[in-house]
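Student: Just passing along the structure, written as structure tokens.
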DNA sequence: CATATTACAGACCGGCGGTCGGTCGTCAAG
DNA sequence: CTTGACGACCGACCGCCGGTCTGTAATATG
């Protein structure tokens, strides 16, 4: 009832943060506009002054998270004196490092984000992050080709394939995370590790490198991820 | 108002067919229960006697389509006297043959199924079809390994990678189809063809075959798909 | 100080997925 | 042929959701 006026930018980011929290706690579909405005402390009219729809919020959130993701990658891209393979491994390993450091949070996130009813959330985020990741990957591949160490006919296509491999692991990670703390947990973790190792080998072959050059993740990553906090 | 009683099985399949048509015409989210029951000629109570929810219909539909998909694959799997590479190419080519024969219908389907708001439909269908396709693929890979022509460390993982590559092309196909009849259409078709060719080469290398062995699709497939009816 | 514009408030709406009490057809048992 | 039980079906109804609309308080503009 009291009327509070803030800078549009501040309001927008408050609404975005409220939505981000709720989307990851309860899921996208399960979160209502009323939930968001209650947490952000604004009326419905206020909300629709800043966003055109619920999906608009999701899009803005995806954009923001893509920007954050790119910022993390930029350091690896800008690091001078790194050969292409090293840069690629650093690039692929980034996700792993993040996960091992903040295992519980990431586990919770994976647990939520892959539930049915969160498909839309997951897809939008993945698409947005992929869109900014693709050119970065392409530059690394191009560097490798210029250095004469990667044997690839088409840089863009290979970058897309790497991205696709990464996306395809999400299901496997989700399965493993969902199976954690169950009898099948250990087997799922082992399967995930094996699969990730194979992805590395697949990439080696696509890039024309000896098996074992590309490390998609370090061995044992899955077990580390799934170890109880 | 008149009360019509039918065998549960018949009703179920009538409802499923009504849903299938509407989902592909208007999209999953845009289709309401009322739409479905209107087309099927049954009341709401009747609908909920046969299905627990709207999503339950989708699940049943995905299951049915996965069965149909498997039936198409079975002939290729059972074909005797086919070496592994031939079988794999036949397997991968199946999608292409379908598309070229029924290009307009498939185009329409892709056009609808990849719109936002149909993510759930697409994902469920893809997951269901993938689930039945995976073991079939694995058997082909295993045959190739036994024959000594495929050099793969892990059959299951490679099958999953092939499936992931297939899934990843859907986006590209959707982009191309959506760009058809626009100035960018030709470029999109060319990009799609190039990408599919590269997928073939990627598979060659993963399987330890010389470049050009696996034909993901025939060259020029994209243009054929996008040619006006 | 007047005025135009922006930022917000909250009552309201159509329609959605889903529920519920009741009714009719069907068919086996007596 | 009658009866009764049960599965199939009907449609009014519900809660709530995303979104709209009218109005108003705060702020920028001159």
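All of the numbers you see were taken from the coordinates with simple rules; none came from a lab. Worth saying up front: this structure is predicted, and the values here are computed from it rather than measured. Every residue, glycine among them, receives a Cβ derived from its backbone with ideal geometry; neighbour counts consider all protein chains shown.
Student: Does residue A:171 count as surrounded by fewer than 18 Cβ atoms within 10 Å (Cβ to Cβ) and touching a residue at least 12 places away in the same chain (Cβ under 8 Å)? Please lay out each step first, then the result.
Tutor: Values: surrounded by fewer than 18 Cβ atoms within 10 Å (Cβ to Cβ): yes; touching a residue at least 12 places away in the same chain (Cβ under 8 Å): yes.
So residue A:171 passes the test.
Student: Restricting to the range B:42-90, name every residue that is out of contact with any helix residue (DSSP H, G or I) (no Cβ under 8 Å at 6 or more places or on another chain), more than 30 Å from residue B:152 (Cα to Cα) and not in a helix (DSSP H, G or I).
Tutor: Hits for the range B:42-90 are B:52, B:53.
Student: Give the residue, chosen from B:177, B:132, B:149, that is touching a residue at least 40 places away in the same chain (Cβ under 8 Å) and surrounded by 20 or more Cβ atoms within 10 Å (Cβ to Cβ).
Tutor: B:177
Student: From the set of residues in the range B:110-149 that are within 12 Å of chain A (Cβ to nearest Cβ) and not in a helix (DSSP H, G or I), which is farthest from residue A:118 (Cα to Cα)?
Tutor: Ranking the candidates gives B:114 first.
Student: Only one of B:25, B:17 is within 16 Å of DNA strand D (Cβ to nearest atom) and not in a loop (DSSP other than H, G, I, E, B); which?
Tutor: Values: B:25 fails: within 16 Å of DNA strand D (Cβ to nearest atom).
Going through B:25, B:17 in turn, just one is within 16 Å of DNA strand D (Cβ to nearest atom) and not in a loop (DSSP other than H, G, I, E, B): B:17.
Student: Moving to a separate point now. Looking at the range A:153-168 only, could you name the residues that are more than 7 Å from chain B (Cβ to nearest Cβ) and either out of contact with any helix residue (DSSP H, G or I) (no Cβ under 7 Å at 6 or more places or on another chain) or without any contact (Cβ under 8 Å) to a residue 40 or more places away in the chain (or both)?
Tutor: Within the range A:153-168, A:155, A:156, A:159, A:163, A:166 meet the criteria.
Student: Can you pull out every residue in the range B:28-50 that is near DNA strand C (Cβ under 8 Å from one of its atoms), surrounded by fewer than 18 Cβ atoms within 10 Å (Cβ to Cβ) and farther than 16 Å from residue B:8 by Cβ?
Tutor: Matches in the range B:28-50: B:29, B:32, B:33, B:34, B:35, B:44.
Student: Which of the following residues is within 12 Å of chain A (Cβ to nearest Cβ), touching a helix residue (DSSP H, G or I) at 6+ places or on another chain (Cβ under 6 Å) and closer than 18 Å to residue A:164 by Cα: B:206, B:201?
Tutor: B:206
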